[in-house]
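Engineer: Shown below is the structure under consideration.
Each value in this text was obtained by applying a stated rule to the coordinates, not by laboratory testing. These numbers come from a predicted model, not from an experiment. Quick reminder, even Gly has a Cβ in these numbers, built from the backbone with ideal geometry, and neighbours come from all protein chains shown.
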Amino acid sequence: MTRTVQCVLLQREAPGLETLPYPGELGQRIFENVSREAWQQWMGRQTLLINEYRINPLDPKSRKFIEDEMLSFFFGGNSSPPPDFVSPDA
């Protein structure tokens, strides 16, 4: 049976993640409060951030930036695309 969560991003009950998506307390918080669909939305945003800001995921400062953005995306409500980003759909 699929585990469901009350997703903080989608604001509805939805299928949850199968495993912790990130280490530590943040990973546990995401596991308990973020749906699979919302996690996929984050993965798209993370890819956009890495590409637009030319982030090296191995750099500790870059990893901190991505973690802060992840927190904002799911729990802070103030994560936004880079200022110069133009959506391909526009």
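Engineer: Can you tell me the 0 to 90 degree angle between the C-alpha axis of helix 60-71 and the longest principal axis of the chain, rounded to 10?
Structural biologist: Roughly 50 degrees, rounded to the nearest 10.
Engineer: How tilted is helix 24-33 with respect to the longest principal axis of the chain? Cα atoms for both, answer in degrees (0 to 90, nearest 10).
Structural biologist: It is inclined by approximately 60 degrees.
Engineer: Relative contact order (percent) for the stretch 4-76, with alpha-carbon contacts under 8 angstrom and 6 or more residues of separation?
Structural biologist: Relative contact order, the stretch 4-76: 27 percent.
Engineer: Taking amide H atoms as placed 1.01 Å from N in the peptide plane, list the residues 5 or more away in sequence, or in a different chain, whose amide H sits under 5 Å from that of Gly16.
Structural biologist: For Gly16, whose amide H was placed from the backbone, the distant partners under 5 Å are Arg3, Thr4, Val5, Arg36.
Engineer: In addition: Run through the stretch 1-59 and list the trypsin sites (Lys or Arg not before Pro) located in a DSSP loop whose Cβ has at most 16 other Cβ atoms within 10 Å.
Structural biologist: On the way: sites: Arg3, Arg12, Arg29, Arg36, Arg45, Arg54; in loops: Arg3, Arg54.
Filter output for the stretch 1-59: Arg3, Arg54.
Engineer: Then there's this: Could you give me D for the chain, from Stokes-Einstein at 37 °C and 0.692 mPa s, where the hydrodynamic radius is the Kirkwood radius over C-alpha pairs? Units µm² s⁻¹, please.
Structural biologist: On the way: Rh = 13.9 Å.
Using the Kirkwood radius from Cα pairs, D works out to 237 µm²/s.
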